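Let me begin by presenting the structure, written as structure tokens, before commenting on it.
The values are calculated or read from the model by the stated rules, or taken from the named source; none is laboratory data. Model, not experiment: these values are computed from the prediction. Positions of Cβ are backbone-derived with ideal geometry, glycine not excepted, and every protein chain shown enters the neighbour counts.
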Amino acid sequence: MDIMKSYKDAEKIWATCRNKRKGKPLPANWRMFKEKSTFMICMPHWAHGFHYEPVASITPNNRLTMLLPKEELLRNSNSIVMALHAMTPFMVQRFGKGHYRIGAHSKYPSHPSLYKHYLTINKANSQQYYKGIKFDLVSGVCINPEPDESVEPIPEKRKVWLRDLKRFKRGLKTRAKVGALTMHIQKVNEMRMENAKLQWSERTPMVVDWDTAKELRKKLVRCMKKEVYSEDILMAFVQSVSPDPYWSSSHALVDQKDVLSVIDTVFNRYSQILRREYGVFGKTLHQKK
């Protein structure tokens, strides 16, 4: 299927629709519907019962408008990142934890085979995603650009954060190097070995998700401020090592090298969230909805 680079392209695709009520099938099991003169690009959605959730609209003035709130985009980011560029000249791309941008991709306006070319956008030719962002389908230009969301750091708090971060990471790595985490590693390995014997549908999550573990993050912040290395925090870092998704008994095992690596990974990946917990940021500027 050709991508929709204008309203007329959408009309041509819609003309091949066999059942207007069920909509026109699109790549990745998405569908297009028509409401009066507006085309709605929708993705399959299972929350509160299966339905097709509107992601973007195309209007006769050749405008594409993104309809999902930012939080809904984050919940469905994988599907949107993989699919949007297969039907429109625009793509959504991840630029960091919870940070997604949208823009005309590098091959605009032509659309070569996705299997032969790597499509991408960069910060200069994209906008931070927000509900209601509009693009001209023909030119690829954003119609209503807004400044990126940003926060005002508090200089004194930032200094404290950097000092405590450096000290705490050094303490964690020292403990890992001298074998102080051996018992934690053994315990995690035992749990993963047992879990690996189960069917996929019966396996329990074995990796700590710091993004959702709010109470654990709060405890980590308290430990950093007091330079305390509690047993559950040490265990959480060991459990932060991601196992091979197709693990066999050997792939599930954690070793000292893994733990040393994951310490940097956790603090880099969740830097903004942890800094917010630490009180580094002041008010949010240009907040996206």
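Some notes on this structure:
- Each residue in the range 49-83 was checked for being hydroxyl-bearing (Ser, Thr, Tyr) and touching a residue at least 60 places away in the same chain (Cβ under 8 Å), and 1 of them qualify.
- Options Asn62, Asn29; residue that is at positive phi and either buried (at least 16 other Cβ atoms within 10 Å of the Cβ) or hydrophobic (A, V, I, L, M, F, W, C) (or both): Asn62
- Of all the numbered requirements in (1) touching a helix residue (DSSP H, G or I) at 6+ places or on another chain (Cβ under 6 Å); (2) surrounded by fewer than 16 Cβ atoms within 10 Å (Cβ to Cβ), His184 misses one, and that requirement is (2).
- Identity of the residue in the range 32-56, of a type in the set (Gly, Ala, Ser) and surrounded by fewer than 18 Cβ atoms within 10 Å (Cβ to Cβ), that ends up modelled with the lowest pLDDT: Ala47
- Residue in the range 214-221 that is at pLDDT below 90, part of a helix (DSSP H, G or I) and of a type outside the set (A, V, I, L, M, F, W, C) present: yes
- Qualifying residue in the range 82-101 (condition: of a type outside the set (Asp, Glu), surrounded by fewer than 17 Cβ atoms within 10 Å (Cβ to Cβ) and assigned to a helix (DSSP H, G or I)): yes
- A count restricted to the range 151-181 and to residues that are loosely packed, with under 13 Cβ neighbours inside 10 Å and either part of a helix (DSSP H, G or I) or modelled with pLDDT under 90 (or both) stands at 11.
- Among residues of the range 38-70, those that are touching a strand residue (DSSP E or B) at 6+ places or on another chain (Cβ under 7 Å) and among the small types (Gly, Ala, Ser), counted: 2
- Single condition Pro147 does not satisfy, out of (1) more than 28 Å from the chain's Cα centre (by Cα); (2) outside any helix (DSSP H, G or I); (3) touching a residue at least 40 places away in the same chain (Cβ under 8 Å): (1)
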